[in-house]
Amino acid sequence: MSQVLHTMLRVGDLDRAIHFYTHVLGMKLLRQSVNEEYKYTLAFVGYGDESQGHAVIELTYNWGVEQYEQGNAFGHIALGFDDIYSACDKIRAAGANITREPGPVLGGSTHIAFVEDPDGYKIELIQRSQATEGVGS
Ligand SMILES: C[C@@H](O)C(=O)SC[C@H](NC(=O)CC[C@H](N)C(=O)O)C(=O)NCC(=O)O
Ligand code: NI
């Protein structure tokens, strides 16, 4: 059976990104690897390992590269939370930028919010509930 394994994000400060995804969004730092020859470090973060069926995020730090052009093509990574309102309170308290306050999707019933990670990538928080589990309503 095929599986979504990871989404790779290039980041300008690896420790800053790891702190955000672990301490602020509650993920685990699953593993790291250093490539001396090509001068980059990878850090995999997620709520569980790929072997358990979790899709994870591959944070890629190119040594000395502190910023990237974000462009206008990348959309977001979506995370499911039992309570996006308390998650947003925690994210706000950590000083991160909430670009769309939590609330129902316009014309829909699913509650969502959008936050930016330290490199400006958009992360969508989706309220998980019996009624809308996995439904993009
Ligand atoms: C471990 C596996 O999941 C990878 O994605 S390694 C792929 C490899 N990554 C790099 O070389 C990272 C440093 C590189 N300078 C970069 O910024 O990508 C790779 O082939 N990357 C090229 C790519 O287009 O992803
Ligand atoms: Ni990869």
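The values are calculated or read from the model by the stated rules, or taken from the named source; none is laboratory data. Keep in mind the model is a prediction, meaning the values are calculated, not measured. Here Cβ is always computed from backbone atoms with ideal geometry, including for glycine, and neighbour counts include all displayed protein chains. Please note that ligands, DNA and RNA were not included when accessible areas were found on the heavy atoms of the full protein model with its side chains. Shrake-Rupley method; radii C 1.70, N 1.55, O 1.52, S 1.80 Å.
A few comments on the model shown:
- A straight chain from R100 to V4 at 0.36 nm per residue would run longer than the Cα-Cα distance by 31.9 nm.
- Surface accessible to a 1.4 Å probe, per residue, for the residues of the chain, Å²: 60 Å²
- Working from Cα pairs under 8 Å separated by at least six residues, relative contact order for the chain is 21 percent.
- 5 Å-binned pair-distance histogram of the chain (Cα, whole percent): 2, 9, 18, 21, 21, 16, 8, 4, 2, 0, 0
- Segment 6-62 shape via C-alpha gyration tensor axes, a/c threshold 1.5: oblate
- Fraction of beta bridges assigned by DSSP in the chain that are antiparallel (%, nearest 5): 70 percent
- Lys, Arg +1 and Asp, Glu -1 on Cβ, resulting dipole of segment 22-63 about Cα centre, debye, nearest 20: 140 debye
- Residue-span extension gain [K90 to T22] - 0.36 nm each, minus C-alpha spacing: 23.2 nm
- C-alpha long axis of helix 84-93 to longest principal axis of the chain, angle in °: 50 degrees
- The label-point distance for S129 and F74, in a model that sets each label 7 Å from Cα toward Cβ, rounds to 3.1 nm.
- Projecting the Cα atoms of G12, F44, N62 onto the charge dipole of segment 6-62, computed from C-beta unit charges around the Cα centre, puts G12 farthest toward the positive end.
- Relative to the Cα centre, the charge distribution of segment 77-130, modelled as +1 at Lys and Arg Cβ and -1 at Asp and Glu Cβ, gives a dipole magnitude of about 80 debye.
- Mean-position separation - Cα centroids, segment 83-118 and segment 15-74, in angstrom: 21 Å
- Dipole size of the chain about its Cα centre, with +1 on Lys/Arg Cβ and -1 on Asp/Glu Cβ: approximately 180 debye, rounded to the nearest 20.
- For segment 50-100, the gyration tensor built on C-alpha atoms gives an oblate shape. Its axis ratio a/c (a ≥ b ≥ c) is at least 1.5, and a/b is not larger than b/c.
- Segment 6-62 - percent relative contact order, Cα under 8 Å, separation 6 or more: 43 percent
- Net lengthening on full extension, Y38/V65 (0.36 nm per residue, minus Cα-Cα): 8.4 nm
- Segment 3-137 - percent of accessible surface contributed by carbon and sulfur, probe 1.4 Å: 51 percent
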